[in-house]
Amino acid sequence: MPELELVDATTESSTKTRYYVRFTREQRYMHAVLFTTFLGLAATGLPMRFSQSFWARELAAGVGGFGAILFLHKFFAIVLTIAFLIHVKEVLERGLVNREKGIFWGSTSMVPNWNDAKAMVGHMRWFLGLGPKPQFERYAYWEKFDYWAVFWGMIVIGFSGYAMWFAPFFAHFLPGWALNAVLVIHSEEALLAVLFIFSIHFVNTHLRPDSFPMDMVIFTGVESDHEFKEKRPLEYARNLKTGDLEKKTGIAPPLWLVNFSKVVGYTAIFIGLTLLVLTLIGYFD
Amino acid sequence: MKEAAEKTVDSDQWPVVRKIRNSEQGSRIGVRIALVVLSVAVLAPAPRTLSAQDCLTCHGDASMTDSAGHSSIAVDGKKFGDSIHGSLQCTNCHADIKGYPHPDKIAPVDCKSCHADEAAQLKGSVHADSKEHPCTSCHGNAHEIFPKTDARSQVYPLNVPKTCGQCHGNNGMAGKHGLPSVYPNYIDSIHGFALSKEGLLVAANCQSCHGSHHILSRTDPQSPTYKANIPKTCGNCHAKIDTDYEQGVHGKAVARGNLNAPVCSDCHTAHAILQPTESEFRMQSTPICGNCHKEKFSTYRDTFHSQLGSLGGYVETARCWDCHQAHDVRPAGDPSSPINKANLIVTCGRCHAGANLSFVRYQPHANARDRKLNPGLYFVRLFMNLLLASVLTFFLLHTILWLVRSRYQQVKTKNGNGGKHA
């Protein structure tokens with residue numbers, strides 16, 4: 001595989017293959033920060049969630065050493081909170097200050113619309129052989145779900161986490177039983193996030209046959225002409241029509257970036273799948 | 001040598017004489033010993049009587065064995081002279097030997113002819129039917145016995161555990177009789193360390209709790225290690241803790257005769273007692289409370305206190321006794337209980353700086369599965385579980401169908417070379 005990919009990358013760049021930008025550098029960095037802190041939070045949080053499981057103490061020792069596991073959990077939480085706030089600021093700035101079109105509504109927006117519902121039904125009909133494969137816009141419905149799941153998850157997990165961290169402060173305006181509830185909310189929502197990301201997001205985005213073994217676009221920022229047309233024909237057609245396609249042209253990803261991305265990506269997937277196995281063991285233990 | 005003899009006479013001999021006189025058969029021997037003692041005392045510095053020297057002319061040879069050649073019958077005259085019995089004559093104990101040649105059959109030395117009280121105590125004890133010589137097993141070589149205040153004595157406080165451990169260790173008699181090997185537990189305990197590392201004479205050794213001659217099984221209500229007697233036994237040293245304990249629910253229950261209630265050794269163990277502030281103890285003891293308080297333990301397990309505390313690193317997270325007290329455990333209704341509503345701010349505030357009235361309404365034993373007791377928590381958990389189940393079920397099906405369909409498409413369109421862009 002690596003040799004094949006290597007040939008791919010070099011020959012494609014030197015011949016006719018065109019590349020289009022899907023994610024900006026900032027968006028890619030944001031994803032990197034997101035998955036790094038998420039892995040860190042999961043690795044330090046799961047031993048607490050499944051503290052009675054046989055692997056809990058070993059993993060805790062492995063990721064935190066003596067007594068540091070809670071410190072690291074809080075550290076990753078702060079980094080992720082900052083990333084989250086920067087993202088919200090960017091979105092609001094682009095939408096409200098710069099008046100950029102398509103942030104809050106339309107074909108390039110993350111906000112779900114009627115077409116997404118239709119695409120979802122159509123997609124599932126295609127799964128069952130009941131209809132043609134639907135065509136997708138810039139963000140497909142499962143990608144929007146991923147986005148909002150993480151968005152909602154960060155608010156819920158973040159709030160409940162800070163409520164536990166600063167419990168005496170939050171107690172000023174939360175009822176007593178809420179202090180019990182925040183742990184349930186925090187751990188259940190985090191469990192959902194872990195199970196979702198490490199199984200469904202991994203497969204939907206990276207491991208499914210269309211992208212197997214990894215969708216590189218989130219690391220390199222660009223994808224090939226062919227991939228663009230196949231995966232999101234509606235967005236391709238729209239850009240072609242409006243003449244914006246040219247503006248999206250990017251350069252072929254340098255070989256070092258491809259290889260570096262693979263190392264990072266595979267590592268992340270490997271850690272994620274390991275944690276998924278431990279989670280399932282802990283859950284059914 | 002002479003000084004030693006005099007000293008022995010002055011300080012140690014008279015009680016022995018008294019004891020012998022009090023015993024039933026001792027009177028005849030007693031008179032004889034009294035005469036010996038008197039002669040030593042009055043005639044000092046008279047030379048030692050010849051008979052001991054006589055015996056030692058043969059038995060002083062360190063290589064001397066019995067006629068069968070099996071066991072040594074040598075006596076170190078110097079050590080014997082230093083020993084607590086050094087002023088006695090050989091024939092005081094070996095009474096059936098009058099001269100040489102010795103009789104064919106020689107009776108074993110009977111210590112009880114002098115030490116009648118100890119012998120009587122031993123008779124009722126767990127060691128009564130010992131096949132080994134019951135006295136020398138603990139006190140050591142009969143000719144080299146020192147008072148228990150002498151560091152050379154096998155029953156000197158610092159030597160007691162090793163002496164008992166000869167049998168109650170891994171390879172001793174205890175193994176043969178199916179008794180637990182307690183010596184290794186003890187020697188690594190806080191008492192064992194105090195004794196072996198600090199040399200604390202007051203550190204509890206075996207006989208501090210079990211007694212010496214009159215050791216009884218812990219199933220015997222007279223035994224200091226009988227469950228109901230343990231608080232008093234430990235209280236001999238730990239007086240304040242015993243007082244606290246007696247006032248708590250467990251102490252009161254035991255006093256009422258409820259032997260299901262825990263005594264000291266249930267939480268601290270009997271021999272492997274750890275420093276209670278040590279992480280190892282803090283890690284191991286919460287489940288001990290859970291042996292009886294099953295429901296409370298289960299709900300504690302659901303809390304952050306337990307989740308983090310179980311990992312070993314953060315040992316300071318609240319364990320049972322951090323909130324309930326270790327010894328003076330009282331029900332929440334008792335105004336002096338640390339978990340009484342009026343005291344919660346102080347109790348929680350010991351760890352949680354800034355604990356306020358609303359904060360202490362947190363329930364350290366909330367049960368999210370109990371709708372009546374914790375309705376808010378119950379519905380939060382229900383909602384979260386439904387969310388989890390529905391999202392995962394939907395997307396699992398979605399993903400599996402998608403995978404199957406994509407692969408099918410690839411194979412059908414013969415585009416399945418590695419799977420890109422099917």
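The values are calculated or read from the model by the stated rules, or taken from the named source; none is laboratory data. Only a predicted model underlies this, so the values are computations on that prediction, with no experimental measurement involved. Here Cβ is always computed from backbone atoms with ideal geometry, including for glycine, and neighbour counts include all displayed protein chains. Accessible surface areas use protein heavy atoms only, side chains included; no ligands, DNA or RNA. Shrake-Rupley method; radii C 1.70, N 1.55, O 1.52, S 1.80 Å.
List the pairs from A:Lys241/A:Lys262; B:Lys162/B:Lys240; B:Lys240/B:Lys296; B:Lys176/B:Lys227; B:Lys240/B:Lys372; B:Lys148/B:Lys232 whose alpha-carbon separation is above 32 Å, in the order I gave them.
A:Lys241/A:Lys262; B:Lys240/B:Lys372
Between B:Ser130 and A:Trp256, with labels modelled 7 Å along Cα→Cβ, what's the label distance in nm to one decimal, could you check?
Going from the B:Ser130 label point to the A:Trp256 one covers 8.1 nm.
Between B:Ile400 and A:Ile86, how high is the FRET efficiency from 1/(1 + (r/R0)^6) when r is the Cβ-Cβ distance and R₀ = 30 Å? Nearest 0.05.
0.25
When you count, for each residue, the other Cβ atoms within 10 Å and take the mean per peptide, how do A:125-138, B:101-114 rank with the highest first?
A:125-138, B:101-114
Excluding A:Val150 itself, what net charge comes from residues whose Cβ is under 12 Å from its Cβ, given Lys and Arg +1 and Asp and Glu -1?
That works out to -2.
Just counting partner chain Cβ atoms within 10 Å, what average do the residues of peptide A:180-191 show around their Cβ?
6
Just name one of B:Gln284, B:Leu344, B:Ser306: the one whose Cα is farthest towards the positive end of the charge dipole of the stretch B:274-361 (beta-carbon charges, Lys/Arg +1, Asp/Glu -1).
Value: B:Leu344.
May I ask for the angle, rounded to the nearest 10°, between helix A:233-242 and the longest principal axis of chain A, with both axes built from Cα atoms and the value confined to 0 to 90°?
That helix lies at roughly 60 degrees to the long axis.
Sorted from largest to smallest, which semi-axis lengths in Å does the alpha carbon gyration tensor of the stretch B:179-256 give for its equivalent ellipsoid, taking the root of 5 times each eigenvalue?
23, 17, 11
Restricting to DSSP H runs of at least four residues, report the calculated mean residue ellipticity at 222 nm for chain A, -39500 (n - 2.57) per run over all residues, nearest 500 deg cm²/dmol. Display every interim value, and only then the final one.
Values: 12 runs with 185 residues, N = 285.
The helix-only estimate for chain A comes to -21500 deg cm²/dmol at 222 nm.
Show me the three semi-axes of the equivalent ellipsoid for the stretch A:97-198, from the C-alpha gyration tensor (sqrt of 5 times each eigenvalue), largest first, rounded to whole Å.
Numbers: eigenvalues 267, 72, 18 Å².
They are 37, 19, 10 Å, listed from largest to smallest.
Roughly what angle does helix A:255-284 make with the longest principal axis of chain A, taking Cα atoms, 0 to 90 degrees, to the nearest 10?
40 degrees
Helix A:141-165 versus the longest principal axis of chain A: what angle, 0 to 90°, nearest 10, using Cα atoms?
20 degrees
Would you list the P(r) distribution for the stretch A:162-285, with all Cα-Cα distances sorted into 10 Å bins from 0 and each bin expressed as a whole %?
11, 26, 23, 19, 15, 6
Can you work out the FRET efficiency for the pair A:Thr274 and A:Asn98, with r the C-beta to C-beta distance and R0 = 60 Å, to the nearest 0.05?
According to the calculation, E is roughly 0.90.
Using only the Cα atoms of the stretch B:145-213, what are the Rg and Dmax in Å?
Here Rg and the maximum Cα pair distance are 11.9, 33 Å.
Please list A:88-99, B:386-397 highest first by mean number of surrounding beta-carbon atoms within 10 Å per residue.
B:386-397, A:88-99
What nm distance separates the two modelled labels at A:Arg238 and A:Ile155, each placed 7 Å from Cα along Cα→Cβ?
That separation, rounded to one decimal, is 2.4 nm.
For peptide B:362-369, what's the mean number of Cβ atoms from other chains within 10 Å of each residue's Cβ?
4
Size of the dipole of the stretch B:145-213 about the Cα centre, Lys and Arg at +1 and Asp and Glu at -1 on the beta carbon, nothing else charged, in debye to 20? Please report the intermediate quantities before stating the final value.
On the way: 5 positive and 3 negative charges, 31 e Å.
It works out to roughly 140 debye.
What percentages make up the Cα-Cα pair-distance distribution of chain A when the bins are 10 Å wide from 0?
Cα pair-distance distribution for chain A, in percent: 6, 23, 31, 25, 12, 3, 0.
Return the average number of partner chain Cβ atoms within 10 angstrom of each residue Cβ along peptide B:398-404.
Values: counts 9, 9, 2, 5, 10, 6, 3.
Partner-chain Cβ atoms within 10 Å, mean over residues of B:398-404: 6.
Give me the accessible area of B:Leu56, 1.4 Å probe, in Å² rounded to the nearest 10.
50 Å²
Using a 1.4 Å probe on protein heavy atoms only, how many Å² of accessible area do B and A hide from each other, summed over both chains and rounded to 100? Mind showing how you got there, number by number?
Numbers: alone 27810 and 17030 Å², together 39880 Å².
So the total buried area for this chain pair works out to about 5000 Å².
Considering only B:Gly165, B:Asn185, B:Leu200, whose Cα is most displaced toward the positive end of the charge dipole of the stretch B:145-213, charges sitting on Cβ of Lys, Arg (+1) and Asp, Glu (-1)?
B:Gly165
Any idea how far apart A:Ala68 and A:Thr24 come out in nm if each label point goes 7 Å out from Cα toward Cβ?
The answer from the label model is 3.6 nm.
If we restrict to alpha carbons, what Rg and Dmax does the protein assembly as shown come to, in Å?
Radius of gyration, then largest Cα-Cα span, for the protein assembly as shown: 41.1, 133 Å.
Label 7 Å along Cα→Cβ of A:Lys248; the stretch A:126-141 residues with amide nitrogen under 19 Å?
A:134-141
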